[in-house]
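Worksheet: one structure, shown below.
The values are calculated or read from the model by the stated rules, or taken from the named source; none is laboratory data. Just so you know, these numbers come straight off a predicted model, no measurement behind them. We place every Cβ from the backbone using ideal geometry, glycine too, and count neighbours over all the protein chains shown.
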Amino acid sequence: MAFEGLSEKLSAAFKKLRGKGRLSEADVKEAMREIRLALLEADVSFKVVKQFVAQVTEKAVGADVLEALSPAQQIIKIVNQELTELMGGSAAKLTIASKPPTVIMMVGLQGAGKTTNGAKLAGLMKKQSGKRPLLAACDIYRPAAIQQLEVVGKQLDIPVFQMGQTNPVDIARAAVEHAAKHGNDMVFLDTAGRLHVDEELMDELRNIKAAVEPTEILLVVDAMIGQDAVNAAKAFDDALDIDGVLLTKLDGDARGGAALSIKAVTGKPIKFVGMGEKLDQIEVFHPDRMASRILGMGDMLSLIEKAEQNFDQKKALELQEKLRKNKFTLTDFYDQMKQLKNMGSLTEIAGMLPGVKASDLEGVGMDQKLLQRMEAIILSMTPAEREDPKLLNSSRKKRIAAGSGTQVVDINRLLKQFDMLQAMTKQFSGGKLPKNLRKMMGKKGRGGFPGMGGMPF
């Protein structure tokens, strides 16, 4: 999970502060030392860490904080605000051209995931904004690059413009002309990956930029390479004056140094993040929500948005009534798991819940085979067993395993997942969310969280 290592270390630092009724300057400085070490271990730029800690310390040693009834909470609030500012303050949107087509030029190093994530972004714009994008194959160097773009284009039902191994500048120019003639209001130029020190290939990018005058230039960088991603971003920005960054593989980056450093070093915002291999796993980057995740406060707004996109509202209302009556069964669990699968792994979802550690759900990912086993297990139970899993003793489990073609360990795993979801739903149905989160939910104008039965807060 993104920032998992950093999140755990910051939580440990804040835990020490929470145990004290009043804080001295020495307490604050000790906490700042641990925060500094946590950020450096997360591969955040040294200059960025130094400035960040200085700003937090300056605000944290003020009289209002030291004399507050809950000074630890005040410091967490300050750290949250500074982390948000460090990553850009607010979500940065794509610029849309006043006269179509909007031309988005995708650039970056080899292996960053530029082709796939450029297509993902086109798919996101098609789904959420109703755009009619066109993918343009300007990578003539990498073997099968054009074929790869055509494959992902077909999967997303997005047309691909290609001219084979022709000059990339000519391809880009022709793609924009094609889009204008055929009603495509966005063009995504998939350029070849290159090292920023390769002057010949960097000149090619400059020539493409001069030829088509792109609305935006997005740099695609791999979050897993840490400070190398920041250095690459600085070099590409110096050469092309990029407009923003698409950070890939953030779901696999437990440290998060790149995400925390790029904006501070380059001055250019992270606009989108890739959160998995699937073609729908791309998100708008919200600095405030990410800061909240890092500090273990969850990300309820993103979770709600995901739920609204993937959950059946009718079933949600039915589940709401069952939860209120404490009648959440294994059959309901199966229905929820099918819908949760569309939202991502349970680990990812848990990371968005306040007070729930994603690490507690490691290895509980929901894939298709697991769902098939789950269905077989549940259908092999008697109605009474589905209603009351406590009936499942050793002999019953053996019978179910034989009937479903699974093993007892699979049944135990299913029951563990059921217990986990029950714990999550109780958090919502019992109204245990903090007041500030409930206010946040109210501002969204939702009646509740659809994935948990649309329960009011």
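See the values below:
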read-out	value
Residues located in the stretch 391-419, provided they are surrounded by fewer than 17 Cβ atoms within 10 Å (Cβ to Cβ) and modelled with pLDDT under 85	ASP419
Hits in the stretch 192-224 (condition: surrounded by fewer than 16 Cβ atoms within 10 Å (Cβ to Cβ), touching a residue at least 12 places away in the same chain (Cβ under 8 Å) and assigned to a loop (DSSP other than H, G, I, E, B))	LEU195, VAL197, GLU213
Residue in the stretch 59-81 that is out of contact with any strand residue (DSSP E or B) (no Cβ under 8 Å at 6 or more places or on another chain), under 30 Å from ASP170 (Cβ atoms), among the hydroxyl-bearing types (Ser, Thr, Tyr) and assigned to a loop (DSSP other than H, G, I, E, B) present	no
For LYS234: the one exception among (1) assigned to a strand (DSSP E or B); (2) under 24 Å from SER90 (Cβ atoms)	(1)
Selection from the stretch 238-277 of residues that are buried (at least 20 other Cβ atoms within 10 Å of the Cβ), acidic (Asp, Glu) and at pLDDT 90 or above	ASP243
Pairs where the first residue, in the stretch 1-14, is at pLDDT 80 or above and the second is of a type in the set (Phe, Trp, Tyr) and surrounded by 17 or more Cβ atoms within 10 Å (Cβ to Cβ), C-beta under 7 Å, 6+ apart	none
Some residue of the stretch 83-93 being assigned by TED's automatic domain parsing to the domain that holds PHE236 and under 17 Å from ASP185 (Cα atoms)	no
Top-ranked residue of the stretch 6-61 - restricted to ones that are touching a Pro at 6+ places or on another chain (Cβ under 9 Å) and surrounded by 16 or more Cβ atoms within 10 Å (Cβ to Cβ), ranked as nearest to LEU83 (Cα to Cα)	ALA60
Whichever residue in the stretch 134-150 is charged (D, E, K, R) and touching a strand residue (DSSP E or B) at 6+ places or on another chain (Cβ under 6 Å) and, among such residues, is nearest to GLN165 (Cα to Cα)	ASP139
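Every residue, every condition in (1) buried (at least 22 other Cβ atoms within 10 Å of the Cβ); (2) at pLDDT below 95; (3) part of a loop (DSSP other than H, G, I, E, B), yes or no:
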residue	(1), (2), (3)
GLN128	no, yes, no
LYS131	no, yes, yes
ALA136	yes, yes, no
TYR141	no, yes, yes
GLN147	no, yes, no
GLY164	no, yes, yes
